[in-house]
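Okay, structure first, notes after.
Every number in this text was worked out from the coordinates using simple rules, so none of it is lab data. Because the structure is predicted, anything quoted here is derived from the model rather than measured. Counting neighbours? That spans all protein chains shown, and the Cβs are built from the backbone with ideal geometry, glycine included.
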Amino acid sequence: MSKTDKLRALPSVDEVLRSPGLAGLRDRLPHRRLSQWAKESIQFCRDEILAGKVDQNDAWLRQIVHLIERRQQADSGQAIQQVINGTGVVLHTNLGRAPLAKAAIKRMEQATGYANIELDLESGRRSKRGARVARMLAQLVGAEDAVIVNNCAAATMLVLQATAFGKEVIVSRGQLVEIGGGFRLPDVFVASGVKLREVGTTNRTYLRDYEAAMGEQTGAVIRVHRSNFQQSGFVTEPSIDEMAALDRPENVPVIDDLGSGCIADLAALGLAEPTVSASVACGTELTLFSGDKLFGGPQCGMIVGRKRWIDPIRKSPMMRAMRVDKLTLAALEATVEIHLAGRAMDELPVLRMLAADPQSLRDRCEKLIQTLPDQRCIDVVSCESPVGGGAIPGATRPGFALKVYGRNANRVARMLREGNPAVQTRVTDDAVWVDVRTIATEEMENLRQRLADVLGQVEVESDE
Ligand SMILES: *Cc1c(COP(=O)(O)O)cnc(C)c1O
């Protein structure tokens with residue numbers, strides 16, 4: 001049979017829609033949706049025929065109905081769902097970075113309906129969006145003022161554009177980074193309308209390099225914190241204190257793109273990360289950071305610093321395109337309150353997880369194993385949990401994990417991932433590792449059930 005004949009044998013959209021096999025879907029779904037899927041499915045078969053991939057001549061109707069059913073199933077699943085994070089990576093970008101504090105979730109719920117996002121309840125007049133949270137945030141980090149945008153990437157673009165449009169921004173060659181997802185500094189400079197003025201070398205940049213580049217055309221100086229890679233060996237660069245003290249005209253700000261947004265000193269956990277207040281205190285004009293990294297809040301970008309620089313940013317036409325919604329503001333307000341009250345280590349999941357001591361993690365693992373019906377191929381092992389997500393590159397915390405041995409680690413990992421609730425794990429050394437550092441206490445029972453389920457199906461490695 002020729003291709004033309006095969007194509008002729010394909011049913012029409014009408015025939016497909018009338019077919020008895022679709023009766024169920026016909027009753028439940030709008031006609032337009034069903035006919036769209038019918039057209040797509042017929043087209044799929046047509047392409048297969050043209051590509052010479054099928055030798056079938058009949059039964060097209062049955063196959064097309066099947067294709068439509070598959071499309072319908074794929075479409076009815078919930079795309080975004082809860083995932084138990086068994087990777088141990090505290091700030092996991094693919095899993096939405098920082099889990100929110102309970103107080104932040106509650107506050108967000110209160111804002112889901114109408115909320116006084118731009119209304120002063122006392123006077124009944126319009127008020128500035130996010131005025132209270134900006135005030136509290138400024139107070140928290142010792143800055144004069146603050147504005148909040150969608151993420152730190154937006155903050156970077158907005159700040160570059162508002163401070164140095166058409167002018168040069170000086171940056172060290174060692175800091176011309178790619179943050180990820182195509183966010184590469186040189187491109188960001190172009191998109192923000194500023195000229196890149198690179199100084200120094202990849203490994204060594206001195207204060208005098210910045211000084212030599214400074215001139216009429218200079219709009220700003222920026223320091224970009226290395227939050228996703230490390231440099232070691234023959235390297236040097238000025239500290240942010242030294243950069244803030246640079247001799248420069250008063251219309252040239254020093255901008256610190258800090259990224260991770262660390263508020264409390266984490267040295268006690270063996271983690272060296274510069275704090276926002278230190279960046280502000282040393283005299284930089286503007287400091288930028290994310291809300292959902294070490295700050296432990298919702299996704300947003302924060303710009304803190306001198307009022308004289310924040311004012312024009314707030315008035316920039318780009319600001320409107322980058323402003324956050326009521327849910328983000330509500331969650332952020334509660335998160336800032338927690339920081340201000342000094343309760344961050346107790347109430348912010350990110351910090352609690354980072355601080356969790358190895359012994360308590362081991363206890364949780366052992367308690368869980370004891371309640372499993374089949375304990376043959378699971379064990380408690382020590383591990384290192386990475387901080388992850390654009391904060392403190394290479395840093396890990398010592399902890400404990402459940403290690404599942406079995407014939408096929410990838411299959412076990414997939415079973416855990418595809419069940420409900422999904423469990424994301426790490427596969428290393430032909431075993432599945434479930435690091436409990438990033439699993440909330442209230443998720444442990446769900447994890448136990450999922451593990452019990454899956455272990456029942458895993459073949460045990462035999463000794464022979
Ligand atoms: C993470 C990071 C960003 C981007 O922040 P998002 O909130 O993800 O947009 C920018 N700069 C630095 C230094 C970062 O670490």
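A few notes on this one:
- Length added when fully stretched, Ala59-Arg320, from 0.36 nm per residue minus Cα-Cα: 88.4 nm
- Calculated translational diffusion coefficient of the stretch 102-347 (25 °C, 0.890 mPa s; Stokes-Einstein with Kirkwood radius over alpha-carbon pairs) equals 132 µm²/s.
- Label zone at Thr371 (point 7 Å along Cα-to-Cβ), backbone N below 17 Å, the stretch 388-413: 402
- When each of the peptides 46-53, 204-211, 166-173, 295-302 is scored by how many other beta carbons lie within 10 Å of its residues on average, the order from highest to lowest is 295-302, 166-173, 204-211, 46-53.
- Across the chain, the relative contact order, built from alpha-carbon pairs under 8 Å that are at least six residues apart, equals 19 percent.
- Within the shell defined by Cβ-Cβ distances under 14 Å, the residues around Gly270 carry a net charge of -3, with Lys and Arg each +1 and Asp and Glu each -1.
- In this rough spin-label picture, where each label sits 7 Å from Cα along the Cβ direction, the Ala452-Leu196 distance is 5.6 nm.
- Crossing angle, helix 409-418 versus the chain [Cα axis fit, 0-90 degrees, rounded to tens]: 90
- Whichever lysines have a C-alpha closer than 28 Å to that of Lys53, once near sequence neighbours (fewer than 8 apart) are set aside: Lys3, Lys6, Lys39
- When each of Lys106/Lys315; Lys167/Lys326; Lys106/Lys293 is checked by Cα-Cα distance, pairs over 29 Å: Lys106/Lys315; Lys167/Lys326
- Phi to ³J(HN,Hα) by Karplus 6.51 cos²θ - 1.76 cosθ + 1.60 over the stretch 272-287, Hz, x for Gly, Pro: 9, 9, x, 8, 5, 4, 5, 5, 5, 5, 7, x, 5, 7, 9, 10
- Using only the C-alpha atoms, the convex hull of the chain corresponds to 240 Å³ per residue.
- Scanning residues 5 or more positions from Asp145 or on other chains, those with amide H under 5 Å from its amide H are Gly305, Lys307, with H placed 1.01 Å from N in the peptide plane.
- Across the stretch 157-244, the relative contact order, built from alpha-carbon pairs under 8 Å that are at least six residues apart, equals 37 percent.
- 3J(HN,Hα) along the stretch 210-217: 5, 4, 5, 7, 6, x, 3, 7 Hz, from the Karplus curve 6.51 cos²θ - 1.76 cosθ + 1.60 with θ = phi - 60°, whole Hz, x for Gly and Pro.
- Length-normalised contact order of the stretch 102-347 in % [C-alpha pairs under 8 Å, at least 6 apart]: 28
- Top positive-direction residue, dipole computed over the chain with Cβ charges, set Ser279, Thr335, Leu7: Leu7
- The string of couplings for the stretch 119-130 from the Karplus curve (6.51, -1.76, 1.60, θ = phi - 60°) is 9, 8, 5, 6, 8, x, 9, 5, 10, 6, 4, x Hz, one whole number per residue in order, with x for Gly and Pro.
- Model label sites at Val381 and Ser127, defined 7 Å from Cα along the beta-carbon direction, differ in position by 5.4 nm.
- For the stretch 3-78: rounded, prolate or oblate by the Cα gyration tensor [a/c cutoff 1.5]: prolate
- Only Lys, Arg (+1) and Asp, Glu (-1) charged, at Cβ; the stretch 102-347 dipole about Cα centre in debye: 720
- Since only Asn420, Leu25, Val387 are under comparison, the one whose Cα sits farthest along the positive direction of the charge dipole of the chain, derived from C-beta charges on Lys, Arg, Asp and Glu, is Leu25.
- Distance between the 7 Å Cα→Cβ label points at Thr4 and Glu40: 3.2 nm.
- Magnitude of the charge dipole, the chain, Cβ model with Lys/Arg +1 and Asp/Glu -1, debye to 20: 1520
- Per-residue packing, averaged as other Cβ atoms within 10 Å, sorts the ranges 243-253, 109-119 into the order 243-253, 109-119, beginning with the highest.
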